[in-house]
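Below you'll find the structure, written out as structure tokens, and then a few comments.
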Protein chains: 2
Amino acid sequence: MSHAPATKPSLAGIETPGLVLDEGRMLNNIARLRTRLTQLGVRLRPHLKTAKSIEVARAVMEGPAGPAAVSTLREAEVFTEAGVRDILYAVGIAPQKLDRVAALRRRGVDLCIVLDCLEQATAVTAAARTTGDRIPVLIEIDCDGHRAGIRASDPLLVEIGRTLRAGGAELRGVMTHAGESYSCRGAAALEAAAEGERAAAVACAETLRSAGLPCPVVSVGSTPTAHFARRLDGVTEVRAGVFVMFDLVMAGIGVCTTDDIALSVLATVTGHRADRGWTFIDAGWMALSRDRGTARQEIDQGYGLVCDVDGRPYPDLIVGETNQEHGIITRRPGSAAPQMTLPIGTQARILPNHACATGAQHDRYHVVTAGSGAVKEWERFRGW
Amino acid sequence: MSHAPATKPSLAGIETPGLVLDEGRMLNNIARLRTRLTQLGVRLRPHLKTAKSIEVARAVMEGPAGPAAVSTLREAEVFTEAGVRDILYAVGIAPQKLDRVAALRRRGVDLCIVLDCLEQATAVTAAARTTGDRIPVLIEIDCDGHRAGIRASDPLLVEIGRTLRAGGAELRGVMTHAGESYSCRGAAALEAAAEGERAAAVACAETLRSAGLPCPVVSVGSTPTAHFARRLDGVTEVRAGVFVMFDLVMAGIGVCTTDDIALSVLATVTGHRADRGWTFIDAGWMALSRDRGTARQEIDQGYGLVCDVDGRPYPDLIVGETNQEHGIITRRPGSAAPQMTLPIGTQARILPNHACATGAQHDRYHVVTAGSGAVKEWERFRGW
């Protein structure tokens, strides 16, 4: 095993494929969004579904107790165990999950849930009556037709609010997610998406208040809109997750550059097929994930952009195809870059299309820090 | 929690999303291929990359010691620990991994590796000299341009064979994988792919033998060709993995029907969007995987085919879109089937595009067996 000088982290001893996290880039990404939101006067509620790691959570939260958002009750349970006390479970509640919600709340966590229909509201009020606990709820608003939520004009909003209040649950506010911002291109489109997200949430908050209902929380967020919102009047918190790592999809949207991407998959060259210009690596879709999020973008990055072991991209070299444990490195179609041969045994780092999907394929981060030769290990968890 | 009658496995208490394995279907799938290969007089070396489970491995192997094929050294290590003693690591070797290969072989496992170039052969002979262990090797043959391997006509084949023998490694034979059979449609095309796979491997074995080199093993395999080969003269073993579970891609190729698929993801309905005909479930791409293998087939199954909790498909209901923890059930585009509303809280089972990819997203199988009300739990592992 070779040892690099102390100022350069040595990845030579890491088994491949493995997940590498560049701590400096991560901290820069966090500082960038924190600075923006401080200027806009709004609190950050980081979404921990990308990280699934206690160490990353502590780096991105404003304090060890939160606030935070999660996508699964398993995340809520792990972060509760780690001391987080203010958690939004930001996926519409299934009635069957209310027992686990109640168990977490009994442990002293301020766990807030999300819903968008009367059946859910009725299940929540029934649980509130049974447990004697005023379960806090945000009503989900649809701001762009992306997914779930009530439209701002839907009278159901007030009806749900009244059902919750009458049934003994805590109507805490509204939340929305501008998921369509992932399809935007250019600052003007992103600013418009952010304003649409803000306006929808604030309008619904006003509707509830006009009906005499409380709405202390107005929660919005997606990584693109969080970085392009010009104003956030009326909003009380912004949720974002992937910004901590960034990825090729975010670079394609224009929210970051490839130099900001903190996550990569370390791989080893295992072979070649010269007649086709193929180089094989030991990172296939199992290590990179099946995510092809850049396929619909201007620059299709295949299954990932190939960098040297220090994280510098090779010109136009992508993982063009994958099998379970084989990646095939090719030049981007139409590229004029010179043919490149990486010898067998070479380590390379692959920037991912989608940090959430690629990270989920791994049990741990190998954390590198500029100026330090050491590589730390941070555990990741998964499951529901 | 409701309790179904004892003759029907109750999934009501399973947290969703969760991975369900129908043991009866699995055993039928195994018996079907075993019967075929017995008739053809060839041994089965099941590929355990799909299962990643000791219990499934024991059900599919001819005995507790193997033989078996694996796609990672982690699989080799876990199955060694579980008593398997005849393992083919069927992915081209990276020189850095030879230490782990040696460590496993010292534990008494007959671990055989795969390579297709002189650099790898030289690294293996160097390791053989260092350890004093005649590491057994299969040379990988390309039978259809799918991925790695030497073409049958390439003089490199004999050169690699001589390098291995001269350097003190054990040249054990040749292996090939008809990966292009996944793109075939219809029995004639699949039979031709199987014959192409067989002919390429046997021709290379003859080339080695004509050069005075040993070639006791002639290993072929893919699930489609394993099921469509009409003869396997000259072949000593067949590798296949996904046949244990089957999936929608295999059904699309015509290797199985959807009724043979033993793997599904249990999900719960969490909401609706009536104006769009959407039903939300708590299984997104994290639970289903990002695999869209049927997108290029005649019938695009989206992210999976929706069944009731007992595993009966609903007409034309698929998971049309996914986010991380949201699945959106829609009717297949162009379907004339009636609009279907699954109430909130309903449990559904989603048949996966690709069993290897979907299974990999989960830590355990919930195993259901016809005629038994009990649901067993079998652990899955992952990593490299």
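With contributions of -39500 (n - 2.57) from each DSSP H run of at least four residues, the per-residue ellipticity at 222 nm computed over chain A stands at -8500 deg cm²/dmol.
For chain B, the relative contact order comes to 20 percent (Cα pairs under 8 Å, sequence separation of at least 6).
Restricting the trypsin sites (Lys or Arg not before Pro) of the range B:191-285 to loop positions (DSSP other than H, G, I, E, B) with no more than 13 neighbouring Cβ atoms within 10 Å leaves B:ARG230, B:ARG231. Given a 10 angstrom Cα cut-off, can you work out which residue in B:PRO315, B:PRO352, B:PRO17 is the most mobile in a GNM of chain B? Maximum among the listed residues: B:PRO315. Counting only alpha carbon atoms, the long axis of helix A:118-131 and the longest principal axis of chain A meet at about 80°.
Seen through its C-alpha gyration tensor, with square-root eigenvalues sorted a ≥ b ≥ c, the range A:63-166 comes out oblate because a/c lies at 1.5 or above while a/b is not bigger than b/c. Between identical copies, the spacing of B:GLY24 label points, each set 7 Å from Cα toward the C-beta atom, reads 6.1 nm from nearest to farthest. With the label put 7 angstrom out from Cα along the Cα-to-Cβ vector, B:GLU379 ends up 1.4 nm from the copy partners, going from closest to farthest. Only Cα pairs under 8 Å and 6+ residues apart enter the sum, and on that basis the relative contact order of the range A:227-377 stands at 26 percent. Once you reduce the range B:159-176 and the range B:280-335 to the center of their Cα atoms, the two points are 46 Å from each other. For the rotational copies A and B, the chain A residue with its Cβ nearest the relating axis, together with that separation in Å, is A:ARG290, 2. Taken about its Cα centre, the range B:23-243 carries a charge dipole of roughly 440 debye when the Cβ of each Lys and Arg holds +1 and the Cβ of each Asp and Glu holds -1. Think of the protein assembly as shown as having a plus end and a minus end, set by charges on the Cβ of Lys, Arg, Asp and Glu; of B:ALA166, A:ILE54, A:PHE243, A:ILE54 sits farthest toward the positive end of this dipole.
In the range A:183-324, a dipole from Cβ-located charges (positive for Lys and Arg, negative for Asp and Glu) runs towards its positive end, and of A:GLY304, A:VAL255, A:ILE281 it is A:VAL255 whose Cα lies farthest in that direction. A simple charge model with +1 on the Cβ of Lys and Arg, -1 on the Cβ of Asp and Glu and nothing else charged puts the dipole of chain B at about 540 debye relative to its Cα centre. Computed from point charges on the beta carbon alone (+1 for Lys and Arg, -1 for Asp and Glu), the dipole magnitude for the protein assembly as shown about its Cα centre is near 720 Debye.
Pairs of Lys residues in the protein assembly as shown that lie 8 or more places apart, or on two chains, and have C-alpha atoms under 19 angstrom apart add up to 6.
Between 0 and 90 degrees, the angle of helix A:187-210 with respect to the longest Cα principal axis of chain A falls at about 20 degrees. Ranking B:LEU27, B:CYS204, B:ASN323 by Cα position along the charge dipole of chain B, where only Lys, Arg, Asp and Glu carry charges on their C-beta atoms, puts B:CYS204 farthest toward the positive end. Relative to its Kirkwood radius, the Cα radius of gyration of chain A gives an Rg/Rh of 1.02.
Since every read-out is calculated from the coordinates, none of them should be taken as a lab result. If you're wondering where the values come from, they're calculated on a predicted model, not measured in any experiment. Methodologically, a virtual Cβ is constructed for each residue, glycine included, from the backbone with ideal geometry; neighbour enumeration extends over all protein chains shown.
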